[in-house]
Every structure is written in C-alpha cells, then in structure tokens.
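These notes concern the structure reproduced below.
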Ligand SMILES: Cc1ncc(COP(=O)(O)O)c(C=O)c1O
C-alpha cells in the first residue's frame, strides 16, 4: 500500500460505491493505451473505457501535446462576455457533424448538466412563447440521463434514484421494446400525445442504445416513430448522445442509424477523448431564437464556472482530428465484426443469454441466480473474477459488457473474450 492510498481510505467518498462493503479502490499511477498501470506495475486492460469516456487510449501523445500547448497559452477564462478560439472551433466541428441542423452550441461540464440544459431550454422556450402549461416531460422506460435533479426525474432507474422521487417533477414513461414485456411497462407515445400532447415540453431519448439500463438496443424504426410523432405534434425531441456519441454504436452519432434529426442534442463523455470534463448541448435555431429579446429577463440564466473550459475544448478539437486521422469509424467496423464472431461462440455457454453487439460494444445477460437487475450479486463477483485476470469489466448487475477504447488490438480483444469465456463458463 502506498501512503496516499491510506489518505484515500481516510478521506475519500467514491461514486456509486457502497463505502462499507466495497473492496478498496485499485490505485492507478499511469495510463498507457488500453492499459491502466498500478504503482506496483500491474497492467489492467480497460475494457469499459473508464466509464465509457476513453476512445483513443490513455495518455495519448497527441492529446497530451494539445493539452500542454493550450496550457501554455490560456488555461481558462470565464465564458460570459469572453470567448476563445478552442470553444469556437469545437462548436463549428460539432455543428458540422451533428445529425440535422443544430447550429447553436451551449457548453457545460458533464453529461448530466448537458441534459439538464436541454430540458431547461425546451421548457423555457415554451414559457417564452406563452405556452406555460407545457411542463410535462416524456422519457423512455429505464432511461438514464444523469444524477442531477432534473435528469434523475427524467431517468427511470428506481435503483439509483428512488430515494429522491418525492421531489421529482412530472414525467411520463414510454414503453421500449424491452420494457414492453414487463407488466409495469410505460405507455405508447401515440396515445400519450393524443391525450396530453398539449402539456408536453419535450421528449427525451437515448437513441438506439440505452447504456445504464443494461446495454439495451432498440430498432431504428422505434426511434424514427418517436421522431415522426413528436414532429407531428410540434414537440421538441432531445437526443441524449452522452454515451452513444463519437462512434460508440458504429455511427458517429446513434441518431444516424435512423436518419433522425433531433431539436436538441447532448454530448459529453468521449467528447474530449476521455481527458477532461466537458459537455455540449446543441440546439436548433428555432429554440435559440425563442430566447432573443430586448427584455433581459428572457435570458437563458444558466452557466457554470468552468463553462467551455479552454483546456477541455482544445483537447476535444484534437480528439476529433485524431478520430478522423486514425480512421476510427473503419476500425469500429472491424471491431464490430470481431465481436460478432466471438459473441456467437459465447452464446453457446449455458448461462449466456441475449448476446448483442452494436458497433464496438458487446453485451450479454448472465442468467441470474437471484432477481437479476443492477443489484444482482453476480455483478461484483464477476467484476472481481475479471480483475483477478487483469481485465477491467464492470457488469451492470447480471449484464456483462465489453466497450474498449478503439485503439485496442485484435489480440487484446481475443484475450478479453477468452477470459469472459473462462469466467462465465465456470459459473
Ligand atoms: C445516456 C447518458 N446520459 C447522461 C449521463 C450522465 O453523464 P455524466 O455521468 O457525465 O453526468 C450518462 C452517464 O452514464 C449517460 O449514459
């Protein structure tokens, strides 16, 4: 044990961690490509991209250089009344890549705040137009949009957020292809909008892939229908691509699978290649224009101390260049094919159910011993077994998934699948 791990034990409170029963955190001293390296030299393969943020590998020389270059020039400046080149360049890159016409970029710090901002924009735009009864949000069953109050309310995770539910505003849930098999599944959007469409401020979706719900995939048709119905009722669609953006589903943005163009788009996580906390909410000109007024009370009064942090924007610009230069989308296509081949073999194991692959993401359910779900005891047991073999995988309850940085080699992928076969095969 190093002396600072004792300081950690004494003072730190880790996220999503039951501090009484969880094993001590693993100290990490360095990062190198897909590996996390402990102070005593153990190399752990990062099979979940450090909570889905890393795409180019850890401590990448080009991103390191971009960070150092920017730090020498300007580390940060407040963003109200000031601006800087990295923020403007990044905004123009994001607008160019966004699905549809979303010309206005509002920065914040993490995924939760990007979605919070989108919800506030949609709501305030209606208020400013005089449609004050529109205070209802609609989100997918089992949605996850973050841990702030607005995003917890929009989220459908009882396990994570039930303690706070008495404080939430009104949200209706839409049945998804997975949840519709459950008794308490959500509603159908068409009926909901016929009944209450006049009260709806916005509909939120995690397009194509719901990560925190357990890597659940819905079809392009399902997503397209939501877009068609929201458009027919004049209701803004918020696409939360915090997780799915930057190639995670095989396309640059998941909306592209369905040709869907949202009114608000939220990005974070891999935006900076996994380096620094930064997020952006992209808005249509129509929503932006609703705020334009000589009356200053109609301003969008939202901002954070570190909005558009200069270092984060500079690294994000370089990360996008690296994405193109290293032909990430082509690599992602090859990873998808490799994963499909290995998933076919995995599916033969008796405990493996519902194998699914989408872009550089492979997931399956392990038939549970108890209730299943996020708190299934299988999760921590499997995680420990993978770690014992120097692989970081963090199952969502009984759902095992593999989501590596795109720089992983084919050999490294095969090693991870070999370990998964060994561990799950011996259950
Ligand atoms: C779809 C989605 N939205 C929002 C968030 C929240 O992002 P953050 O943890 O950066 O606040 C996450 C995080 O996992 C997510 O998967």
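The values are calculated or read from the model by the stated rules, or taken from the named source; none is laboratory data. Keep in mind that this is a model prediction, so the values were computed, not measured. Here the Cβ positions follow ideal geometry from the backbone for every residue, glycine too, while neighbour counts run over all protein chains shown.
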Next item on the list: Scan segment 149-180 for residues that are surrounded by fewer than 20 Cβ atoms within 10 Å (Cβ to Cβ), assigned to a loop (DSSP other than H, G, I, E, B) and within 13 Å of the ligand (Cβ to nearest atom) and jot them down.
Entry: 157
Next item on the list: Scan 102, 74 and give me the residue that is away from the ligand (no atom under 16 Å from the Cβ), in the same structural domain as residue 153 (by TED's automatic domain parsing) and within 19 Å of residue 268 (Cβ to Cβ).
Entry: 102
Checklist line | Among (1) away from the ligand (no atom under 16 Å from the Cβ); (2) surrounded by fewer than 18 Cβ atoms within 10 Å (Cβ to Cβ); (3) closer than 20 Å to residue 374 by Cα - the single one residue 186 does not satisfy | finding: (2)
Item checked: Residue match in segment 370-385 (condition: at positive phi and not assigned by TED's automatic domain parsing to the domain that holds residue 158) -> yes
Next item on the list: Give, as residue ranges, the strands (runs of 3 or more DSSP E) completely inside segment 204-300 that count at least 1 residues that are in contact with a helix residue (DSSP H, G or I) (Cβ under 7 Å, 6 or more places away or on another chain) and over 24 Å from residue 136 (Cα atoms).
Entry: 279-283
Next item on the list: Taking only segment 106-148 into account, find how many residues are assigned to a loop (DSSP other than H, G, I, E, B) and either more than 12 Å from the ligand (Cβ to nearest atom) or in contact with a strand residue (DSSP E or B) (Cβ under 9 Å, 6 or more places away or on another chain) (or both).
Entry: 15
Checklist line | Criterion: more than 24 Å from residue 288 (Cβ to Cβ) and not assigned by TED's automatic domain parsing to the domain that holds residue 401 - qualifying residue of 107, 144 | finding: 144
Item checked: Residue in segment 395-410 that is more than 20 Å from residue 49 (Cα to Cα) and assigned to a helix (DSSP H, G or I) present -> no
Check: Does residue 272 count as surrounded by 24 or more Cβ atoms within 10 Å (Cβ to Cβ) and out of contact with any strand residue (DSSP E or B) (no Cβ under 6 Å at 6 or more places or on another chain)?
Finding: yes
Note to self: When you scan segment 305-314, do you find a residue that is touching a residue at least 12 places away in the same chain (Cβ under 8 Å), in contact with a helix residue (DSSP H, G or I) (Cβ under 8 Å, 6 or more places away or on another chain) and under 14 Å from residue 105 (Cα atoms), even just one?
What the structure shows: yes
Note to self: Regarding segment 279-299, can at least one residue be identified that is surrounded by 16 or more Cβ atoms within 10 Å (Cβ to Cβ), within 11 Å of the ligand (Cβ to nearest atom) and at pLDDT 95 or above?
What the structure shows: yes
Item checked: Residues satisfying the stated conditions in segment 1-43, i.e. at positive phi and surrounded by 14 or more Cβ atoms within 10 Å (Cβ to Cβ) -> 33
Checklist line | The lone exception for residue 50 - which of (1) in the same structural domain as residue 417 (by TED's automatic domain parsing); (2) part of a helix (DSSP H, G or I); (3) touching a helix residue (DSSP H, G or I) at 6+ places or on another chain (Cβ under 8 Å) it fails | finding: (3)
Check: How do the pairs read when you match residues in segment 240-254 that are within 20 Å of residue 318 (Cα to Cα) with residues anywhere that are part of a loop (DSSP other than H, G, I, E, B) and near the ligand (Cβ under 8 Å from one of its atoms), using Cβ under 6 Å and keeping only pairs 6 or more apart or on different chains?
Finding: 242/268; 243/211; 253/241
Next item on the list: Please work out if residue 371 is surrounded by fewer than 16 Cβ atoms within 10 Å (Cβ to Cβ) and at pLDDT below 95.
Entry: yes
Notebook entry, point to check: Across segment 353-390, what is the total count of residues that are outside any strand (DSSP E or B) and more than 26 Å from residue 21 (Cβ to Cβ)?
Noted result: 2
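Here is a yes/no grid of residues against (1) at pLDDT below 95; (2) part of a helix (DSSP H, G or I); (3) more than 14 Å from residue 90 (Cα to Cα):
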position	(1), (2), (3)
305	no, no, yes
320	no, yes, no
342	no, yes, yes
350	no, no, yes
Item checked: Verdict on residue 219 being within 24 Å of residue 394 (Cα to Cα) and over 16 Å from the mean Cα position of the chain (by Cα) -> no
